[in-house]
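The values are calculated or read from the model by the stated rules, or taken from the named source; none is laboratory data. The shown structure was predicted, so the numbers you read here are calculated from the model rather than taken from an experiment. Every residue, glycine among them, receives a Cβ derived from its backbone with ideal geometry; neighbour counts consider all protein chains shown.
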Amino acid sequence: MFNFSFNEILAVTFTLFAVIDVVGSIPVLISLKEKLGHIDSGKATAASGFLMVLFLLVGEPFLKVLSVDVHSFAVAGSIVIFVISLEMILGVEFFKSEKDSKTGSLIPIAFPLIAGSGTLTTIMSLKANYSAYNIFAGILLNLVIIYVVLRSLSWIERILGKAGLMVVRKFFGVILLAIAVKIFKSNLNF
């Protein structure tokens, strides 16, 4: 009935971990935490998990109902990531927070930062090679990692200090910008 495979779960977990890149997103998350004042780790993790499982179950049919193809979805997500990266690099605020921790934990953290277009399209793609149960297990393992990172942001911020945080934020802003351009470029050609 259940086709659990340790090797498949491991492959899915590492694939999603690389795509989600929660460790690489730490400077972005800290920057958003400073702007919002607080990130609700539980809500952000739960919302990310909900989106990932939803796309595992009904992602492609849902986009088809909206007459949106996967590539258009990826381009839209890349534009949001592009704007966030510009904020990090230039120190300019494009994303105006509502100072509402509920909204701030969900947008842009749960989507598109954690469960962004890359993550959601990867989940849909994994269905071609892996059992849905193993993908679900990989999603759960990544959610544990995401929760731990989100809960540890204050500690990580103290360790890096202001100067270290600024250097890391600018560096990862450029990396995030490159990722946004790559996602945009690879999905615009289709």
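Of note, Ala74 does not satisfy the criterion of being farther than 16 Å from Thr121 by Cα, among the aliphatic types (A, V, I, L, M) and in contact (Cβ under 8 Å) with a residue 40 or more places away in the chain. If only residues of the range 5-27 that are part of a loop (DSSP other than H, G, I, E, B) and modelled with pLDDT under 90 are counted, the one that is surrounded by the most Cβ atoms within 10 Å (Cβ to Cβ) is Ser25. Here Ile183 passes the criteria (1) touching a helix residue (DSSP H, G or I) at 6+ places or on another chain (Cβ under 9 Å); (2) in a helix (DSSP H, G or I); (3) modelled with pLDDT of 80 or more except the one numbered (3).
Within the range 35-62, which residues are aliphatic (A, V, I, L, M) and more than 12 Å from Ser117 (Cα to Cα)? Passing the criteria: Leu36, Ile39, Ala44, Ala46, Ala47, Val53, Leu54, Leu56, Leu57, Val58. Annotation note: of Ile89, Ile107, Ile146, Ile84, the sole residue that is at pLDDT 85 or above, surrounded by 15 or more Cβ atoms within 10 Å (Cβ to Cβ) and closer than 20 Å to Asp21 by Cβ is Ile146.
For the range 119-131, does any single residue satisfy the condition of being assigned to a helix (DSSP H, G or I), more than 20 Å from His71 (Cα to Cα) and at pLDDT below 80? Checked against the condition, which is being assigned to a helix (DSSP H, G or I), more than 20 Å from His71 (Cα to Cα) and at pLDDT below 80, the range 119-131 yields no hits at all. Here Val68 passes the criteria (1) surrounded by 12 or more Cβ atoms within 10 Å (Cβ to Cβ); (2) modelled with pLDDT under 85; (3) among the hydrophobic types (A, V, I, L, M, F, W, C) except the one numbered (2).
Residues are listed down the side, and each one gets a yes or a no for (1) over 27 Å from Gly164 (Cα atoms); (2) without any contact (Cβ under 8 Å) to a residue 40 or more places away in the chain; (3) not aliphatic (A, V, I, L, M):
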{"position": "Val22", "(1), (2), (3)": "no, no, no"}
{"position": "Val28", "(1), (2), (3)": "no, no, no"}
{"position": "Phe55", "(1), (2), (3)": "yes, no, yes"}
{"position": "Ile84", "(1), (2), (3)": "no, no, no"}
{"position": "Ile89", "(1), (2), (3)": "no, no, no"}
{"position": "Leu120", "(1), (2), (3)": "yes, no, no"}
{"position": "Tyr130", "(1), (2), (3)": "yes, no, yes"}
